[in-house]
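Have a look at the structure below, then the notes.
The values are calculated or read from the model by the stated rules, or taken from the named source; none is laboratory data. Just so you know, these numbers come straight off a predicted model, no measurement behind them. Note that we place each Cβ from the backbone using ideal geometry, even for glycine, and neighbour counts take in every protein chain shown. Just so you know, the surface numbers come from the protein's heavy atoms only, side chains and all, with ligands and any DNA or RNA stripped out. Shrake-Rupley method; radii C 1.70, N 1.55, O 1.52, S 1.80 Å.
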Amino acid sequence: MRIDVLTLFPEAIEPFFACSIVGRAQEAGLVRIVCTNFRDFTTDKHRSVDDKPFGGGAGMVLMPAPLLAAVEYAEAQDSQDPVTRVLLTPQGQPLTQKLARELAQKPRLLLICGHYEGFDERIRIGLQPLEISIGDYVLSGGEPAAMVMVDAVVRLIPGAVGGEQTLDEESFTEGLLEYPQYTRPRNFRGMEPPEVLVGGHHKKVAEWRRSEALKRTWQRRPDLLRARPALLEELRQVLAKEGLPAPDAPTGEPAWMDTTDY
Ligand code: 6GU
């Protein structure tokens, strides 16, 4: 896979791509990430990439010409595989694990990081990109979102994550939050792991982890379970076995899910 990132601040994101899983995936030849500063595609002496909005108002708008020239340049490099263009914007569809899995199948991605108030609408019209957001909050630019997307996608490329069991175990608990984990020392300030985790009974460990993942997801992210009847049924059985109230009992939502205010 090749990933192009168009940004005004390549120096802010390049070091991240050299580290950890993403860095090792590049060293292993699984992915090549190329950052391009689209300011290099300006033609005026001030190297301007933005201007005042027509109609007035605060803030600046990214002009179409330098960005489109940079897209054309980047896309002409290397393989002529089709390029999936992504505009990083809070107006986009939310990034999810499902979307990351779809993008991990593509031969080439091109991520566009905006800055300032927004993109001239002709960037959208000209490029017809996917538009992706990483959450409902405002970033000053798309660079943190590009790092998030690249990380989420690259770790799904076969061979990128060490230990073939790791991704398998992740899909075993797909759609659930992680169960509680413990490592050495066995006794830390008087706190010890549950007996089942040190008993060496692998099936019991797996059952305990599954139950804890289901309960934790129900407590913290009931929204993740409501659309998953099979998981809800499994949770129901866990709660019944442990003498806890059924999941259809009104338990109340986490306070942060209140949407009457923002
Ligand atoms: Cl992708 N860009 C910006 N500027 N802000 C965001 C975002 C992206 N996703 C959430 N907030």
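Specify which of the listed residues (A146, A206, A213) is part of a helix (DSSP H, G or I) and within 14 Å of the ligand (Cβ to nearest atom).
Result of the check over A146, A206, A213: A146.
Hey, could you check region 149-164 for residues that are in a helix (DSSP H, G or I) and open to solvent by 40 Å² or more (accessible area, probe 1.4 Å) and say which is farthest from V86 (Cα to Cα)? Can you show your working first?
Filtering region 149-164 for residues in a helix (DSSP H, G or I) gives 149-154, 164.
Remaining after also requiring open to solvent by 40 Å² or more (accessible area, probe 1.4 Å): 151, 164.
Values: D151: 15, E164: 29 Å.
Among residues in region 149-164 that are in a helix (DSSP H, G or I) and open to solvent by 40 Å² or more (accessible area, probe 1.4 Å), the one farthest from V86 (Cα to Cα) is E164.
If we scan region 186-202, do we find a residue that is more than 29 Å from V161 (Cα to Cα) and of a type in the set (D, E)?
Yes - at least one qualifying residue is present in region 186-202.
Which condition number does L111 fail, the rest of (1) within 23 Å of L30 (Cα to Cα); (2) near the ligand (Cβ under 10 Å from one of its atoms); (3) in a loop (DSSP other than H, G, I, E, B) being met?
(3)
What number of residues in region 125-135 are more than 14 Å from the ligand (Cβ to nearest atom) and either closer than 18 Å to Y73 by Cα or crowded, with 21+ Cβ neighbours inside 10 Å (or both)?
The number of residues fulfilling the criteria is 3.
Out of region 178-207, which residues are within 25 Å of R228 (Cα to Cα) and open to solvent by 50 Å² or more (accessible area, probe 1.4 Å)?
Of the residues in region 178-207, the ones within 25 Å of R228 (Cα to Cα) are 178-181, 203-207.
Hits for region 178-207 are E178, Q181, K203, K204, E207.
Please go through region 59-100 and give me each residue that is among the aliphatic types (A, V, I, L, M), within 16 Å of the ligand (Cβ to nearest atom) and part of a loop (DSSP other than H, G, I, E, B), ordered by number.
Within region 59-100, M60, L95 qualify.
Pairs only if they're at least six apart or on different chains, beta carbon under 8 angstrom, first in region 68-91 and farther than 19 Å from V150 by Cα, second assigned to a loop (DSSP other than H, G, I, E, B); list them, first residue then second.
Pairs that qualify, where the first residue is farther than 19 Å from V150 by Cα and the partner is assigned to a loop (DSSP other than H, G, I, E, B), are S79/P107.
Condition first: closer than 20 Å to E14 by Cα and surrounded by 15 or more Cβ atoms within 10 Å (Cβ to Cβ). Can you find one or more residues in region 46-61 that meet it?
No, region 46-61 contains no residue that is closer than 20 Å to E14 by Cα and surrounded by 15 or more Cβ atoms within 10 Å (Cβ to Cβ).
Cβ-Cβ below 8 Å, separation at least six or inter-chain, first residue in region 140-158 and over 14 Å from V5 (Cα atoms), second in a loop (DSSP other than H, G, I, E, B) and within 14 Å of the ligand (Cβ to nearest atom): which pairs?
If the second residue must be in a loop (DSSP other than H, G, I, E, B) and within 14 Å of the ligand (Cβ to nearest atom), the pairs left are A152/L95.
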